[in-house]
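Here's the structure, in C-alpha cells; my notes come after.
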Protein chains: 2
Amino acid sequence: MAGHGTDRRRDDPRGRMISEITDDLRRYSVDAQHVGHAFAALHGLNATDLHALIAVMDAELAGDPITPGRLGEQLNLSSGSVTALIDRLERAGHIRRDRDTADRRKILLHYADRGAALAMEFFQPLGSRTDRVMARFTDEELAVVHRFMAEMSASLREHRDAIRAARPEPPRRAVD
Amino acid sequence: MAGHGTDRRRDDPRGRMISEITDDLRRYSVDAQHVGHAFAALHGLNATDLHALIAVMDAELAGDPITPGRLGEQLNLSSGSVTALIDRLERAGHIRRDRDTADRRKILLHYADRGAALAMEFFQPLGSRTDRVMARFTDEELAVVHRFMAEMSASLREHRDAIRAARPEPPRRAVD
DNA sequence: CCGAATATCTCGACGGGCGAGATAGCCGGC
DNA sequence: GCCGGCTATCTCGCCCGTCGAGATATTCGG
C-alpha cells in the first residue's frame, strides 16, 4: 500500500520527501474511505448514504437546503438512484422531504433527528483524534499544513473535473 | 461541502485554523474518492477494481506479490467477491493469476501490461499536479507537512480499526 | 392557454457484493 | 503412507444499489 510512486523517487532528500508525502496522502484517502465505509456498515447504511447525509447536513447548516437534483450532481448519481437513495434515508428516519413553496417542482431535503445524531456520532470521535494530532503542532506549523492542504485540495478538484470532462471510452473486452 | 465541523469552531485563531484544516482534509478525501471513481468509470472499471489494481501493483513493486486472500483483507471484501473481482481484472487483461509453486493452494497476482499502463496513466497526471503544488513549499515546510500527514494517517487507521472492531448493529427500519 | 423546459419519480435490467458450501492442497500425528 | 483438520480459493444463488428511459408534475414565456 506504499511506495508505488510513479517511480519518481529521486535520490535527493527533497525528492524522497515528496514521494513520502504522496504516499501519506494516498494512504490517508484510502483510510478515510474505509472509515466511511466501516462506519456506514456499522449503522446499516452504505457509503453513498453516508455521503448524502453529510451533504444534506452541510447544505442545511449553510442555510441553503439541497435538492435531489443537486445532490445527484454532487454524488455523481443518476436521478433514479437519487430517488432511491432519498427513499432509503427517509425511511430510516435520517432525512425529511419538503416541497419548496416557491417552486413546487422542487424538493428540499432536511435532516431529521436521527440524521443529525448519526452525523455527530461520525464526526465527534474523528474530531477528537484529529485534535490530539493537531495539539502536537505549533500555530505556524498548522498554517503551513493548511496552506498545503488547501492547495492540494484545489488541485485535486481540478483534476477530478478534468477526468469527468473526458469521454468514457467504450467498454473493452478480453484482449481487445 | 464545508463547515459542518462538529461545530467545534472556537473563536481563537488556532481553533479556526483547526476547523479549516479539518475541512481541507475532508474535502481532499472526498475529491480523491471522486477522482478514483471517475477515472475508473472512464476506463470501464469500478472503484473496487481500481483499488485492487493499485494494491496488486504495490505488492508486486514491493517484491511480494499479493494473494486473493490478502487482497480481500485489504479491500475488506468477502472471498466470493474477490474471486469475481480477479476474474474481471484478468478478463480485462489487467492482471494475471499464477499458482504459487511452494504452496499450490495459493494464487499470486501479477499485473499484466494493460494493468501497468493503466496505473501509470492514473498516477502520472496526478503526480504532475502534486509536484506543481509541492514546488511552492520549502524543504522545511514539506517536512512539517509530512510529519503532520503521517501522524494523521496513523491516527485515522487506528480509528478505522476501532470502527471495524465494533459490532454492526441490527438493521433498523422506519421509525424503529 | 399552449408548448418547451425543468424537477422528480417509476420501473425493468444489470452487476457487484455477500456468505454458505464445495474443492484442492498443506501439514502434523500415528 | 494416510487420516483428519486446516487453509486458500472458487462456485453459486440471492440481495440491493445503480442506471437509464420514460412518466408525471410544475414553471414560465409568449
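The values are calculated or read from the model by the stated rules, or taken from the named source; none is laboratory data. These numbers were taken from a predicted model, which means no experiment stands behind them. Positions of Cβ are generated from backbone atoms using ideal geometry, with glycine treated the same way; all protein chains shown enter the neighbour counts. Surface areas here come from the heavy atoms of the whole protein model, side chains and all, with no ligands, DNA or RNA. Shrake-Rupley method; radii C 1.70, N 1.55, O 1.52, S 1.80 Å.
One table, with the values for the structure above:
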item	result
Any hit, region A:84-103, residues being within 7 Å of DNA strand C (Cβ to nearest atom) and in contact with a Lys or Arg (Cβ under 6 Å, 6 or more places away or on another chain)	no
Residue match in region A:88-108 (condition: touching a residue at least 40 places away in the same chain (Cβ under 8 Å) and within 10 Å of chain B (Cβ to nearest Cβ))	yes
Region A:117-126, subset surrounded by fewer than 17 Cβ atoms within 10 Å (Cβ to Cβ) and touching a helix residue (DSSP H, G or I) at 6+ places or on another chain (Cβ under 9 Å), residue nearest to the other protein chains (Cβ to nearest Cβ)	A:P125
Odd one out for A:R9 among (1) surrounded by fewer than 17 Cβ atoms within 10 Å (Cβ to Cβ); (2) part of a helix (DSSP H, G or I); (3) at pLDDT below 95	(2)
Single condition B:L71 does not satisfy, out of (1) touching a residue at least 40 places away in the same chain (Cβ under 8 Å); (2) within 12 Å of DNA strand D (Cβ to nearest atom); (3) aliphatic (A, V, I, L, M)	(1)
Output for region A:49-67, where each listed residue is more than 9 Å from every other protein chain (Cβ to nearest Cβ) and within 12 Å of DNA strand D (Cβ to nearest atom)	A:D49, A:L50, A:A52
Odd one out for B:P65 among (1) farther than 29 Å from A:A166 by Cβ; (2) open to solvent by less than 10 Å² (accessible area, probe 1.4 Å); (3) not charged (D, E, K, R)	(2)
Residues of region A:136-175 classified as in a loop (DSSP other than H, G, I, E, B), more than 7 Å from chain B (Cβ to nearest Cβ) and at pLDDT below 95, total	3
The lone exception for A:E73 - which of (1) within 12 Å of DNA strand C (Cβ to nearest atom); (2) of a type in the set (D, E); (3) in a loop (DSSP other than H, G, I, E, B) it fails	(3)
Any hit, region B:29-37, residues being facing another protein chain (nearest Cβ under 7 Å), farther than 30 Å from A:D131 by Cα and in contact (Cβ under 8 Å) with a residue 60 or more places away in the chain	no
Top-ranked residue of region A:79-116 - restricted to ones that are in a loop (DSSP other than H, G, I, E, B) and open to solvent by 70 Å² or more (accessible area, probe 1.4 Å), ranked as farthest from A:G44 (Cα to Cα)	A:A102
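Here is a yes/no grid of residues against (1) charged (D, E, K, R); (2) part of a helix (DSSP H, G or I); (3) open to solvent by 10 Å² or more (accessible area, probe 1.4 Å):
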residue: A:T22; (1), (2), (3): no, yes, yes
residue: A:R27; (1), (2), (3): yes, yes, yes
residue: A:H34; (1), (2), (3): no, yes, yes
residue: A:A40; (1), (2), (3): no, yes, no
residue: A:G44; (1), (2), (3): no, no, yes
residue: A:D49; (1), (2), (3): yes, yes, no
